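So the structure is just underneath, and the comments pick up after that.
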Ligand SMILES: Cc1cc2nc3c(=O)[nH]c(=O)nc-3n(C[C@H](O)[C@H](O)[C@H](O)COP(=O)(O)O)c2cc1C
């Protein structure tokens with residue numbers, strides 16, 4: 001049977017660090033033959049979110065929190081996208097404290113999503129090893145979707 005699962009990786013990134021993690025997660029997912037898009041929260045459409053079987057959400061940490069526009073995206077857009085019961089993951093780049101991915105995971109769990117543990121946190125700009133780790137998370141998402 002052909003594999004028709006779809007995944008979306010949605011990020012907010014101020015200087016490209018969380019975007020690089022998002023791109024690597026999506027790359028890992030497609031490596032395992034599951035369709036994946038890495039997209040800014042700003043461009044994520046509700047009908048695509050509704051159609052996705054798995055959604056990974058990332059934000060960098062600013063002032064010990066999720067960046068406010070991402071918080072709004074989760075509380076308003078994602079909360080109205082029929083995400084209950086779907087597979088999810090949380091990630092983000094950080095500098096010194098890294099709360100955002102943990103807070104994102106908590107919000108996704110409150111929406112009824114099955115969040116992969118642990119969250120993925122990368123300090124500042126991802127290096128090769130970090131990109132590989134993000135790709136591995138993507139492969140894990142794809143395998144979980146295929147086995148669902
Ligand atoms: C104004 C400002 C506030 C920040 N606050 C935090 C913070 O509270 N905790 C933390 O871990 N990193 C903090 N950082 C570091 C960023 O999370 C880090 O630079 C990250 O790599 C940015 O990723 P991005 O390019 O995806 O936005 C802060 C950075 C700036 C510029």
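Just so it is clear, none of the values below were taken in a lab; they were calculated from the coordinates. A quick note: this is a predicted structure, and the numbers were derived from the prediction, not measured. A quick note on method: Cβ atoms are made from the backbone with ideal geometry, for glycine too, and the neighbour counts reach across all protein chains shown.
Of all residues in the stretch 90-105, none satisfies being in a loop (DSSP other than H, G, I, E, B) and touching a helix residue (DSSP H, G or I) at 6+ places or on another chain (Cβ under 8 Å).
Within the stretch 43-72, the residues that satisfy the criterion of being within 19 Å of residue 21 (Cα to Cα), outside any loop (DSSP other than H, G, I, E, B) and touching a strand residue (DSSP E or B) at 6+ places or on another chain (Cβ under 8 Å) are 54, 55, 56, 57, 58, 59, 61, 66, 69, 70, 71. As a summary of the residue check, residue 127 satisfies the conditions (1) in contact with a strand residue (DSSP E or B) (Cβ under 8 Å, 6 or more places away or on another chain); (2) within 16 Å of the ligand (Cβ to nearest atom) except for the one numbered (1). Sort out which residues of the stretch 113-129 are out of contact with any helix residue (DSSP H, G or I) (no Cβ under 7 Å at 6 or more places or on another chain) and surrounded by 13 or more Cβ atoms within 10 Å (Cβ to Cβ), and write them in order of number. Scanning the stretch 113-129 gives 113, 114, 123.
Can you list residue pairs whose Cβ atoms sit under 6 Å apart, with the first residue in the stretch 37-55 being over 15 Å from residue 112 (Cα atoms) and the second being part of a helix (DSSP H, G or I)? Count only pairs 6 or more apart in sequence or on different chains. Close Cβ pairs (under 6 Å, with a partner that is part of a helix (DSSP H, G or I)) amount to 38/22; 38/23; 38/26; 41/70; 41/73. Close contacts from the stretch 57-74, counting a first residue that is at positive phi and a second that is within 8 Å of the ligand (Cβ to nearest atom), with Cβ to Cβ under 8 Å and a gap of 6+ residues or different chains, come to 64/97; 64/99.
Name the residue, out of 88, 134, 100, that is more than 19 Å from residue 17 (Cα to Cα) and surrounded by 13 or more Cβ atoms within 10 Å (Cβ to Cβ).
Values: 134 fails: more than 19 Å from residue 17 (Cα to Cα); 100 fails: more than 19 Å from residue 17 (Cα to Cα).
Going through 88, 134, 100 in turn, just one is more than 19 Å from residue 17 (Cα to Cα) and surrounded by 13 or more Cβ atoms within 10 Å (Cβ to Cβ): 88.
Quickly run through the stretch 4-40 and pick out the residues that are within 13 Å of the ligand (Cβ to nearest atom) and in a loop (DSSP other than H, G, I, E, B). Residues satisfying the conditions are 13, 14, 15, 16.
Would you point out which residue out of 53, 43 is more than 13 Å from the ligand (Cβ to nearest atom), in contact with a helix residue (DSSP H, G or I) (Cβ under 8 Å, 6 or more places away or on another chain) and farther than 16 Å from residue 134 by Cα? Reasoning before the result, please.
Values: 43 fails: in contact with a helix residue (DSSP H, G or I) (Cβ under 8 Å, 6 or more places away or on another chain).
Only one candidate qualifies: 53.
Filter the stretch 69-85 down to the residues that are within 13 Å of the ligand (Cβ to nearest atom) and crowded, with 22+ Cβ neighbours inside 10 Å and list them by number. Listed by number, the list holds a single entry, 70. Counting only residues that are loosely packed, with under 14 Cβ neighbours inside 10 Å and touching a helix residue (DSSP H, G or I) at 6+ places or on another chain (Cβ under 7 Å), the stretch 1-30 holds 1 of them.
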